Amino acid sequence: MSKPAINLLFLGGAKRVSMARHFIAAAARRGLDCNIYSYELSEREPIAAVAQVIKGLRWSDPAVVDDLRSLCARLGIHAVIPFVDGAVAVAAALSKDVFAPCCSADMAEAMFDKVVADDIFARAGLPRPRRWTPGIPLGAHLIAKPRHGSASKGLVMIDSQEALAAIMPRIDDYLIQERIDRRAEYTVDCYVDRSGRPAIISPRRRLEVSGGEVTRTVTVNMPAAVELVRRTLEATGLRGAVTVQLIEDLDNCRLMIMEINPRLGGGAVCSVAARADLPGCIIAEALGEPVPACSPLPGVEIARYPMETVFMPGNNKPL
């Protein structure tokens with residue numbers, strides 16, 4: 001007799017093979033089989049090693065929500081899980097029909113605009129790097145972040161009045177802040193249930209980063225980070241999987257919020273390994289069960305490495 005199954009649809013989960021395996025393990029602990037599907041632009045993605053890849057539309061395509069809604073009904077999907085920025089609003093649009101562990105489309109749009117997000121943090125009284133606007137002197141050491149950028153792409157370091165003047169014609173395209181050169185950076189993996197209760201707040205220090213994504217990270221016991229993130233989650237009303245980025249000014253002992261990604265982060269597997277059962281939380285809510293709280297174990301470190309997935313000619317199933 002076959003076990004009951006839960007069906008999950010990843011949106012943009014192309015490289016999230018390890019996380020998919022954690023979902024399969026979380027389902028197995030509940031006596032469930034786990035069928036994972038991943039909606040991608042290409043069928044030949046690494047996630048094909050553990051999931052069925054479905055070739056789909058771009059997130060910006062006007063037909064993508066209807067296409068996914070039909071797909072969810074056909075496959076009996078229990079939860080839709082976004083893994084890239086553009087998929088969050090799409091998942092939010094689907095949440096009327098199927099469970100999606102994410103915020104509203106409007107909140108996603110706000111969090112993915114660094115200027116709007118910084119305004120929200122300021123109104124909530126959350127500590128953050130000081131923001132430069134014309135007429136406010138912060139010295140010459142600034143950083144300009146593309147307001148709609150991600151993965152640390154397009155950052156501009158400003159070390160002189162000439163460099164600042166050069167960016168002025170495009171000032172509306174950037175969030176300009178004080179640059180903190182002697183710093184530590186932390187990512188906090190969170191899960192907030194439907195009632196607004198944070199079931200998981202798991203801080204980890206970013207040790208190595210490549211291409212804007214962490215390659216080495218370690219969980220830490222950091223009550224100040226937990227408390228700041230708790231305040232942030234309450235102020236923003238975010239739900240589901242949330243990734244909060246913090247920065248610590250080591251010269252002035254300031255811990256501040258940098259940005260929020262309202263989805264699972266690439267390095268969240270470290271928190272899962274530290275017993276912060278993010279997949280289990282998502283599965284529980286998808287099944288209408290209570291979400292258990294957990295206390296992650298500090299000192300758990302992961303080092304990520306690339307691994308090849310091989311596709312033979314004429315075959316979209318990897319070896």
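Read-outs throughout are calculated quantities, based only on the coordinates presented, and are distinct from any laboratory measurement. Treat the numbers as computed from the prediction; the structure is a model and nothing was measured. Virtual Cβ from ideal backbone geometry, glycine too; neighbours counted across all protein chains shown.
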Derived scalar couplings ³J(HN,Hα) [segment 292-309; Karplus, 6.51 cos²θ - 1.76 cosθ + 1.60; whole Hz; x for Gly, Pro]: x, 7, 8, 10, x, 8, x, x, 8, 10, 10, 10, 8, 9, x, 9, 7, 10
Long-range amide H contacts for Asp33: which residues qualify at under 5 Å (H placed 1.01 Å from N, peptide plane, sequence gap of 5 or more or a different chain)? Ala5, Ile6
For Kirkwood radius over Cα pairs in Å, the listed values are (i) 20.0; (ii) 21.3; (iii) 20.6; which was obtained by calculation from the structure presented? (iii)
Net charge of neighbours whose Cβ lies under 13 Å from the Cβ of Ile283, counting Lys and Arg as +1 and Asp and Glu as -1: -3
Taking r as the C-beta separation of Glu178 and Ala105 and R0 as 30 Å, the FRET efficiency to the nearest 0.05 is 0.45
Using the beta-carbon distance between Arg30 and Asp66 and R0 = 45 Å, what value does 1/(1 + (r/R0)^6) give for FRET efficiency, to the nearest 0.05? 0.90
Near the amide H of Glu259, under 5 Å away, which other amide H atoms are found, from residues 5 or more places off or on another chain, if H is placed in the peptide plane? Gln245
What does the charge count near Ala110 come to, summing +1 for each Lys or Arg and -1 for each Asp or Glu among other residues with Cβ under 11 Å from its Cβ? -4
Relative contact order for the chain, counting Cα pairs under 8 Å that sit 6 or more residues apart, in percent: 17
List the residues whose amide H sits under 5 Å from the amide H of Leu207, counting only those 5 or more places along or on another chain, with H placed 1.01 Å from N in the peptide plane. Arg216, Thr217, Val218
Full-extension gain between Ser152 and Gln52, please, as 0.36 nm times their residue separation minus the C-alpha to C-alpha distance. 32.9 nm
Excluding Val88 itself, what net charge comes from residues whose Cβ is under 12 Å from its Cβ, given Lys and Arg +1 and Asp and Glu -1? -1
